[in-house]
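Only one structure is covered here, and it is reproduced in the block below.
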Amino acid sequence: QQQVKQSPQSLIVQKGGISIINCAYENTAFDYFPWYQQFPGKGPALLIAIRPDVSEKKEGRFTISFNKSAKQFSLHIMDSQPGDSATYFCAASITLGNKLIFGAGTRLAVHP
Amino acid sequence: DAGITQSPRHKVTETGTPVTLRCHQTENHRYMYWYRQDPGHGLRLIHYSYGVKDTDKGEVSDGYSVSRSKTEDFLLTLESATSSQTSVYFCAISESWGGETQYFGPGTRLLVL
């Protein structure tokens, strides 16, 4: 059973555009929602994370929007750059005593 | 990669042979994790450790065992490798449990023929 569903599988965006990746979860006990970025040949690295007590978190060009009632959260990349081309994973966990459950990943290509 | 090394980085082996992957950290983090990454599945937790000699199973633990005799080392063993275990294996570490930042190693690409 896939507890975190991520879409789309792949995304092509023009330089300067907005990239949007969506995730939906099932377990209402999840209370920590990170996004990881992975470049080819590298391990994933934490990009940004949110807890459900806020609806939005912004760090530079990256924003997480969180909708608790819909059990959805999304990553927005503003002014997308070719250097943002990578695979992005959403994840969720119950902070006190559980493990990260990852989405299947989205391969983003930003074309110049 | 936050003071995490994995060895070997690439390995080709034959079905039925045992394989051991090593994760070494220099961060003195308490928690260590082994994941496998496969297309369409993201990362799935195999086993994790919450201290020396303290380990537990993740969601895809069948066919794998782990050991942690020192804080810095976490070994993953495929007892009898199968083609379905062809994957990229990542080690991760964290200071606290589960929900906080996990730092990933560079990965080991394993091919089981």
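The values are calculated or read from the model by the stated rules, or taken from the named source; none is laboratory data. Here the structure is a predicted model, which means the values were calculated and not measured. All Cβ positions, glycine included, derive from the backbone under ideal geometry; neighbour counts span all protein chains shown. Side chains included, ligands, DNA and RNA excluded: accessible areas come from the protein's heavy atoms. Shrake-Rupley method; radii C 1.70, N 1.55, O 1.52, S 1.80 Å.
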| request: Just the number, please: percent antiparallel of the DSSP beta bridges in chain B, rounded to the nearest 5. | output: 90
| For chain A, size of Cβ-based charge dipole, Lys and Arg +1, Asp and Glu -1, in debye | 120
| said: Cross-link candidates for A:Lys58: which lysines have Cα within less than 28 Å, leaving aside residues fewer than 8 places away along the same chain? | reply: A:Lys5, A:Lys15, A:Lys42, A:Lys68, A:Lys71, A:Lys99
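Averaged across A:38-45, how many Cβ atoms of other chains sit within 10 Å of each residue's Cβ atom? Could the numbers behind the result be given before it?
Details: counts 5, 0, 0, 5, 6, 17, 10, 6.
Average per residue, whole number: 6.
Averaged over its residues, how many other protein chain Cβ atoms are within 10 Å of peptide B:33-39's Cβ atoms?
Details: counts 2, 0, 5, 0, 7, 1, 4.
Taking all residues of B:33-39 together, the mean is 3.
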| field | Length released on extending from B:Glu95 to B:Thr26, taking residue separation times 0.36 nm less the Cα-Cα span | value | 23.6 nm
| field | Net charge dipole size for the protein assembly as shown [Lys, Arg +1 and Asp, Glu -1 on Cβ; Debye, nearest 20] | value | 280
| Which lysines does B:Lys70 reach when only Cα atoms under 16 Å apart count, and residues fewer than 8 places away in its own chain are ignored? | B:Lys53
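Of B:Ser80, A:Ser69, which has the most accessible area with a 1.4 Å probe, and how do the rest follow in descending order?
From most accessible down to least: A:Ser69, B:Ser80.
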| said: Just to verify a number: what accessible area does B:Glu72 come out at with the full protein assembly present, 1.4 Å probe, Å² rounded to tens? | reply: 60
| field | Sorted largest first, extent of the range A:4-111 alpha carbons per principal axis (Å) | value | 39, 28, 21
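Based on the Cα gyration tensor of chain B, what are the three equivalent ellipsoid semi-axes, each the root of five times an eigenvalue, rounded to whole Å and given largest first?
Details: eigenvalues 94, 38, 35 Å².
After diagonalising the Cα gyration tensor, the semi-axes are 22, 14, 13 Å.
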| Alpha carbon centroid spacing (whole Å) that separates the range B:1-45 from the range A:1-74 | 24
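For the interface of chains A and B, what total accessible area is buried with a 1.4 Å probe, rounded to the nearest 100 Å²?
1600
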| request: Check each residue of the range B:67-105 and keep those whose accessible area, probe 1.4 Å, is at least 10 Å² smaller with all protein chains in place than in the chain alone; give them in order of residue number. | output: B:Phe90, B:Trp97, B:Gly98, B:Gly99, B:Glu100, B:Thr101, B:Gln102, B:Phe104
